[in-house]
1. Just tell me how shielded A:117-125 is by partners: mean number of partner chain Cβ atoms within 10 Å of each residue's Cβ, no decimals.
2. Across peptide B:228-238, how many C-beta atoms of other chains are within 10 Å of each residue C-beta, on average?
3. Could you compute how much accessible area chains A and B hide from each other, both sides summed, with a 1.4 Å probe? Nearest 100 Å² is fine.
4. Measure up B:Lys43/B:Lys100; B:Lys30/B:Lys101; B:Lys101/B:Lys122; B:Lys44/B:Lys100; B:Lys35/B:Lys101; B:Lys43/B:Lys72 against 25 Å on the Cα-Cα distance and list the ones that go over.
5. Determine the relative contact order of chain B: mean sequence separation of Cα pairs under 8 Å and six or more apart, normalised by residue count, in whole percent.
6. Rank-order A:79-85, A:133-139 by packing density, defined as the average count of other C-beta atoms within 10 Å over each peptide's residues, highest first.
7. Rg/Rh for chain B to two decimals, with Rh computed the Kirkwood way over all alpha-carbon pairs.
8. Return the average number of partner chain Cβ atoms within 10 angstrom of each residue Cβ along peptide B:187-193.
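The values are calculated or read from the model by the stated rules, or taken from the named source; none is laboratory data. Every value quoted in this text rests on a predicted model; they were computed, and no experiment measured them. As a convention, Cβ positions derive from the backbone with ideal geometry for all residues, glycine included, and neighbour counts pool all protein chains shown. For the accessible areas, the whole protein counts, side chains as well, though only heavy atoms, and no ligand, DNA or RNA atoms are used. Shrake-Rupley method; radii C 1.70, N 1.55, O 1.52, S 1.80 Å.
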Amino acid sequence: MLRSNPRLKLMTVSSLILIVLSMYMVLIYAPREVIMGEIQRIFYYHVSSGWIAALAFLVTLITSIMFLATQNERHDHIAISSAEIGVIFTTMNIVSGSVWARPVWNTWWTWDPRLTTATIMWLLYIAYLFLHAGLEDHDRRRHITAVYGIVAFISVPLTFMAIRIWRTIHPVVIGSADPDAEGQFDMTARMTTTLLFTVSTFTVLYFTILWHRVRIQSLFEYMSKLQHQMYND
Amino acid sequence: MMNSPVITMKSPMYNNDKHPTTGQYWRTVKTIIWKDLSIEMRKKTLISALFIFSVMVTLVFTFALDLDKSTKDNVSVGVLWVTFVFSSTLGLNQTFANEKKHGSLEGMLLAPIDHTAIFVGKFISTYIFVIIIEIIIIPMFYFFYGISLFSPLFLLIVLLGSFGYTLVGTLLTSIAIRTQVREIMLPILLFPVSMPIIIASVQCSNAILSGANWGQFSNAFNLVIVYDIIFIGVAIMTFEYLIQE
């Protein structure tokens, strides 16, 4: 039923090339930051993975609502796949932030509003994946996970806004900064170019992984339908 | 002209109209609340178990933290909210477990009533149990920790905070009972969703009890109210999808 798709192959290869290019941009093209030094280069991947996490959860929200409205299975496949990718990228975001914070804030972790809300978001979507795994009946599972996907999304804008509404030590590089923030810096033109490039690379990578993952999900559901038929005959 | 008698089925509660009137809706809600309360008044298992449980949790915290006077003042509000959260979670697990027995949930779903009325009824009856538990816990805290908790603003934040927690809890319990590991699934689903309201309630309670002025906790207070309002909307809109077979 699912043959290999030339367009998907093209996307896979191009995201591979883009990643190599973005590594060059981040490690060589971008200038060294004066105060923080080389560690600042983590920033590009940190922001990109955070952006992909938010995008992935937004896709989960939209497809969950669309599933409840249209009852089309395909939307459910996209929702679960996107949530899974979102959890991976949130993990990358948290780990890279932690590695950066060790030299700059002199601690791996602090209960700052931004870090707290990001942790809550991460836990929420892990719970979403648990819920998906814990429900056996497919039809019922789709409705229930769709509702939880909507409920969980409330944490995403909260995480995004956390560094903008509360007093926090997390830097706001894009937009106005809090005077309390530590590790603040101004971006040069080359830095902006590098950031935009890595964000676009990650976006392409996200859609490539999503496509692969949705195919796996459809195959999986097809397989369990066949299994169901086999036992009922 | 033939005037054949037409027999129409009319339920005592409803017209065969699809949309019940407000009066009918609240009568259904009241019936469900009354059912839960009268079961509890006869069995008395839930309240007594929760009472023992909350005494235990309070004592375990007292021993585990080995509290002296200064630590006590700092952590007692946090411990109080943890006790609320733990006992409400147990209570939530129990209220829907009763409905699973003897297929009574299916019975309610088959009845010609608006499904959100089931949600509202279950929510209010659970909220009543939670308030009863809080009425027991608060004097107990006064007794063990020696902090005065009887300020009206503090009691208001306890009511608003547990309102939001129970609301989300009722919604998520109706999800958790569908899974195979339902007692474990409820906290996994509920704790992260309710984290914002718990954090905000603890901040508010601490500020109120240490005599801070309104400006210092208005943000957290507003967050509690916003959370309550958002989840009233989310619960009413989504419950229909959760409950249908």
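1. If you average over the peptide's residues, the count of other-chain Cβ atoms is 3.
2. Average per residue, whole number: 2.
3. When A and B are taken together, about 2000 Å² of accessible area is lost.
4. Beyond 25 Å between Cα atoms: B:Lys43/B:Lys72.
5. RCO, chain B: 23 percent.
6. By packing density, highest mean first, the sequence is A:79-85, A:133-139.
7. That ratio equals 1.06.
8. Per-residue shielding by partner chains comes out at 6.
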